[in-house]
Amino acid sequence: KSEQFNWDDYLKETESVAAPLHCFRQSRIPPKNDFKVGMKLEAHDPRNVTSVCIATVIGITGARLRLRLDGSDNKNDFWRLVDSSDIQPIGTCEKKGGMLQPPLGFQMNASSWPMFLLRTLNGAEIAPAAFFKKEPPKPVPNCFKVGMKLEAIDRKNPYLICPATIGDVKGDEVFVTFDGWRGAFDYWCRCDSRDIFPVGWCSLTGDALQPPGNNVSITKSSAKIQSSPSKVTRRSMQSPQKSAPVPAQRGRKPGRGKPPGQSAV
Ligand code: MLY
């Protein structure tokens, strides 16, 4: 966990407010993560969402699982909450009359898929159905406001959760801006995205919240509040040098990311 970063102090320093819990499609208390590394489950292929594939739990982080599709490479890992509707117990697909599919980029000849599947599941450690939690309901109107703070997944480095600010709101969407990173990692998402969390989420799940970047942002995305416009641009973000180690993947140029799914961490 990050020792230096403290939301209470940070909200004061930036004179901003945390987005209220009811804005998010997250449970008030993060779901318990009972999964173990090595367990298998069914997951929608993030690169081909109509396919349901076999995935293996490669890592556990807070309420999320690091997953790898069986038969795929190690460059396309993805992370899902234990209450994500993208994952389900093995057997669910068949019960619904569907067929398990090879992942996009299946490393063997397509004709070997049925046998591969058989071998993969034979003797596998199957994640128990009770480990899968129900996805929370969608928050109905978009109640985010520009300037509100939150924790958000860095989609270019999806194992990272970072302090962020709502930079814009349009219909059902919000613009998530990463504090101290000059826009390089910002993205639009639906207000019911599972990639955004209320302030305090990481401290509840035990995830390591990244410290803000150290680049001063002078855009409206940095915590604006009406009462003191003079303060808007003043504060730089907390320097990560003083606190937690530099975020992973140094040397990768921001903005030229490949699709999510880095193998680091
Ligand atoms: N060192 C990498 C990763 C930066 C991560 C930024 N996140 C936390 C918003 C880079 O600079 O590209």
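Cross-link check: pairs 95/145; 95/138; 40/138; 12/75; 36/96 evaluated at a Cα-Cα cut-off of 32 Å; pairs beyond the cut-off: 95/145; 12/75. Rounded to the nearest Hz, the phi-derived 3J(HN,Hα) couplings of the stretch 142-154 under the Karplus curve 6.51 cos²θ - 1.76 cosθ + 1.60 (θ = phi - 60°) are 6, 10, 6, 10, 4, x, 5, 9, 7, 10, 9, 6, 7, where x marks glycine and proline. Count Lys and Arg as plus one, Asp and Glu as minus one, and take only other residues whose Cβ is under 12 Å from that of residue 201; the net charge is then +1.
Near residue 86: Cβ cut-off under 11 Å, other residues only, Lys/Arg at +1 and Asp/Glu at -1. The net charge is -2. Mean projection of the Cα convex hull over all viewing directions, computed for the stretch 11-99: 8.1 nm². Contact order, relative form, for the stretch 31-150: 27 percent (alpha carbon pairs under 8 Å, 6 or more residues apart, mean separation divided by residue count). Note on the stretch 52-184: semi-axes of the ellipsoid equivalent to its C-alpha gyration tensor, largest first and rounded to whole Å, are 34, 18, 14. Residues whose amide H comes within less than 5 Å of that of residue 18, counting only those at least five positions distant or on another chain, are 149 (H built at 1.01 Å from N in the peptide plane).
Cα centroids of the stretch 81-96 and the stretch 102-167: 11 Å apart. Amide hydrogen proximity for residue 61: with H placed 1.01 Å from N in the peptide plane, the residues at 5 or more positions away or on another chain lying under 5 Å are 66. In order along the stretch 184-190, the Karplus-derived 3J(HN,Hα) couplings, from 6.51 cos²θ - 1.76 cosθ + 1.60 at θ = phi - 60°, round to 5, 10, 5, 8, 8, 8, 5 Hz, and Gly and Pro are given as x.
Taking every alpha-carbon pair in the stretch 110-156 and binning the separations at 10 Å intervals from zero gives 16, 22, 23, 21, 16, 2 percent. Shown in residue order for the stretch 95-103 are the 3J(HN,Hα) couplings computed by the Karplus curve 6.51 cos²θ - 1.76 cosθ + 1.60 at θ = phi - 60°: 4, 8, x, x, 10, 5, 10, x, x Hz (x for Gly and Pro).
Just so you know, all these numbers are worked out from the coordinates, no wet-lab data involved. In this text the structure is predicted, and so the values were computed from the model without any measurement. Heads up, the Cβs are rebuilt from the backbone with ideal geometry, glycines too, and the neighbour counts pull from every protein chain shown.
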